[in-house]
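Undergrad: Encoded as structure tokens, here's the structure I'll be asking about.
The values are calculated or read from the model by the stated rules, or taken from the named source; none is laboratory data. Predicted, not measured: the structure shown is a model, and the values here were computed from it. As a convention, Cβ positions derive from the backbone with ideal geometry for all residues, glycine included, and neighbour counts pool all protein chains shown.
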Amino acid sequence: MEAIKETHFKFPGQTGFYSGKVRDVYYFGDLMAMVATDRISAFDVILPRAIPDKGRVLNQIAAFNLQATKDLVPNWVVSTPDQNVTIGFRCEPFKVEMVIRGYLAGHAAREYKAGKRLLCGVPLPEGLKENDKLPQPIITPTTKASVGHDEDISRDEILRRGIVSREDYAVLEDYTRKLFQRGTELAAARGLILVDTKYEFGKHNGQIYLIDEVHTPDSSRYFYADGYAQRQQAGEAQKQLSKEFVRQWLIENGFQGKDGQTVPQMTDEVVANISGRYKELYEKVRGEGLPPVDYQHISQRIEQKIIDSINSANLETKKN
């Protein structure tokens, strides 16, 4: 299997290019083509080896969830012409990520264990155990750093600094809660618990759109519903469906993205194991097997699909 570590296309009419942690983005005026590569990041660090099938797994899960939530919140997608590609509106992103948590897990649990009872300005009750359900979902935003680590920030600080206007932030909060409720319902239908997730938003022609991926295992954490209560009662670790297993492997091997730390060796066995876990995530979230793909011509396929889709979108725009 071939992994897509990076792309270097040069398209007719291309107006820009951006390579993020895991996506390569090609700009065409008001439109953009986002290629979900197989790069993988953890602790805000891009790991040295790409993971076969990871990109298309996330792109297809995101496409499913964007379609399933577009009645609640307008989103950036125009089409998904390829398993690794999404075409959509070019939006100006807000410089915050809207993180919402229904359970005390991951970063929130680590902060709580360290003694903090205020997370992003939101008070947390005493007596919680890791993975306990919170009294109600809480929004714990982070700043969207262009370089380095994202940082926790409170609603009041966002407004004080003028990072987002009061009017827009009210919309972001409303959209975040509605999306999390829908995500919770979609997860429950698959025997899962949506533990926490993040949403990113941007503006296009003055309108707020949901952008980036939604309810994927990279942007969200899921627990298996079956046995959740029993595991919590017994103080056992929860069975998770998320990228947390990658973070745990790194932590166990002495890496958390801190200065002076080195990423542990990613052997073929480690890469194959991570790839297998991503396929398992797809099958559980989508309820079907990952579609087959021609590994020999991935790059050519992606390039042609982008050309055809951008041409089609431009023709549609001219008609209108």
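Undergrad: Please find, within the range 18-39, the residue that is surrounded by the most Cβ atoms within 10 Å (Cβ to Cβ) out of those that are among the hydroxyl-bearing types (Ser, Thr, Tyr) and farther than 15 Å from LYS54 by Cβ. Break it down stepwise before answering.
TA: Filtering the range 18-39 down to residues among the hydroxyl-bearing types (Ser, Thr, Tyr) leaves 18-19, 26-27, 37.
Subset that is farther than 15 Å from LYS54 by Cβ: 18-19, 26-27.
Numbers: TYR18: 11, SER19: 15, TYR26: 23, TYR27: 16.
Filtering first and then ranking leaves TYR26.
Undergrad: For the structure I just gave you, tell me whether THR216 is in a loop (DSSP other than H, G, I, E, B) and touching a residue at least 40 places away in the same chain (Cβ under 8 Å).
TA: For THR216, the condition - in a loop (DSSP other than H, G, I, E, B) and touching a residue at least 40 places away in the same chain (Cβ under 8 Å) - is met.
Undergrad: Out of all the residues in the range 64-76, which are in contact with a strand residue (DSSP E or B) (Cβ under 6 Å, 6 or more places away or on another chain) and crowded, with 20+ Cβ neighbours inside 10 Å?
TA: Within the range 64-76, LEU66, VAL73, ASN75, TRP76 meet the criteria.
Undergrad: If you don't mind, there's one more thing I want to ask. Here are some residues: GLU200, GLU213. Which one is within 16 Å of the chain's Cα centre (by Cα) and at pLDDT below 95?
TA: Working: GLU200 fails: at pLDDT below 95.
On inspection, the qualifying residue turns out to be GLU213.
Undergrad: Would you check if VAL195 is in contact (Cβ under 8 Å) with a residue 40 or more places away in the chain, out of contact with any Ser or Thr (no Cβ under 6 Å at 6 or more places or on another chain) and of a type in the set (A, V, I, L, M, F, W, C)? Show your work before the answer.
TA: Details: in contact (Cβ under 8 Å) with a residue 40 or more places away in the chain: yes; out of contact with any Ser or Thr (no Cβ under 6 Å at 6 or more places or on another chain): yes; of a type in the set (A, V, I, L, M, F, W, C): yes.
Taking the combined requirement at face value, the residue satisfies it.
Undergrad: Any chance the range 273-296 includes a residue that's closer than 26 Å to ARG90 by Cβ and under 23 Å from the mean Cα position of the chain (by Cα)?
TA: No, every residue in the range 273-296 fails to be closer than 26 Å to ARG90 by Cβ and under 23 Å from the mean Cα position of the chain (by Cα).
Undergrad: Scan the range 281-300 residue by residue and report those that are more than 30 Å from LYS10 (Cα to Cα), in contact (Cβ under 8 Å) with a residue 12 or more places away in the chain and not basic (Lys, Arg). Full working, then the answer.
TA: Our first condition is that a residue be more than 30 Å from LYS10 (Cα to Cα); within the range 281-300, this holds for 281-289.
Then keep just the ones that are in contact (Cβ under 8 Å) with a residue 12 or more places away in the chain; that gives 281-282, 284-287.
Residues satisfying the conditions are LEU281, TYR282, VAL285, GLY287.
Undergrad: Right, next: Considering (1) surrounded by fewer than 19 Cβ atoms within 10 Å (Cβ to Cβ); (2) touching a helix residue (DSSP H, G or I) at 6+ places or on another chain (Cβ under 9 Å); (3) more than 27 Å from ILE208 (Cβ to Cβ); (4) among the acidic types (Asp, Glu), say which one GLU111 fails and leave the rest.
TA: Condition (2) is where GLU111 drops out.
Undergrad: OK, next. Sort out for me the strands (runs of 3 or more DSSP E) sitting completely within the range 75-170 that have 1 or more residues that are free of Cβ contacts under 8 Å to residues at least 12 places away in the same chain and farther than 30 Å from ILE4 by Cα. Working first, answer last.
TA: Working: elements: 77-82, 85-89, 96-103, 133-139.
Of the strands (runs of 3 or more DSSP E) lying wholly inside the range 75-170, those with at least 1 residues that are free of Cβ contacts under 8 Å to residues at least 12 places away in the same chain and farther than 30 Å from ILE4 by Cα span 133-139.
Undergrad: Kindly provide the set of residues from the range 171-199 that are of a type in the set (D, E, K, R) and not in a helix (DSSP H, G or I), ordered by number.
TA: ARG190, ASP196, LYS198
Undergrad: Continuing with the same structure: Would you be able to say whether some residue in the range 214-225 is loosely packed, with under 14 Cβ neighbours inside 10 Å and either of a type outside the set (S, T, N, Q) or out of contact with any Cys (no Cβ under 6 Å at 6 or more places or on another chain) (or both)?
TA: If we filter the range 214-225 for residues that are loosely packed, with under 14 Cβ neighbours inside 10 Å, which is where we start, we get none.
No; the residues of the range 214-225 include none that is loosely packed, with under 14 Cβ neighbours inside 10 Å and either of a type outside the set (S, T, N, Q) or out of contact with any Cys (no Cβ under 6 Å at 6 or more places or on another chain) (or both).
Undergrad: What residue, among those in the range 101-138 that are more than 23 Å from the chain's Cα centre (by Cα) and among the small types (Gly, Ala, Ser), is nearest to GLN232 (Cα to Cα)?
TA: GLY127
Undergrad: Looking only at the range 154-187, count every residue that is under 19 Å from the mean Cα position of the chain (by Cα) and not charged (D, E, K, R) and tell me the total.
TA: Of the residues in that region, 10 qualify.
Undergrad: Here's something else I'd like to know. For the structure I just gave you, tell me whether GLY257 is on the phi > 0 side of the Ramachandran plot and either in contact (Cβ under 8 Å) with a residue 24 or more places away in the chain or part of a helix (DSSP H, G or I) (or both). Lay out the reasoning, then the answer.
TA: Details: on the phi > 0 side of the Ramachandran plot: yes; either in contact (Cβ under 8 Å) with a residue 24 or more places away in the chain or part of a helix (DSSP H, G or I) (or both): yes.
Answer is yes for this residue.
Undergrad: Can I ask one more? Could you run through the range 207-249 and say how many residues are of a type in the set (A, V, I, L, M, F, W, C) and farther than 30 Å from PRO93 by Cα? Break it down into steps so the answer makes sense when it comes.
TA: Of the residues in the range 207-249, the ones of a type in the set (A, V, I, L, M, F, W, C) are 208, 210-211, 214, 223, 225, 229, 234, 237, 241, 245-246, 249.
The next check asks that each one be farther than 30 Å from PRO93 by Cα; those that pass are 225, 229, 234, 237, 249.
The qualifying residues number 5.
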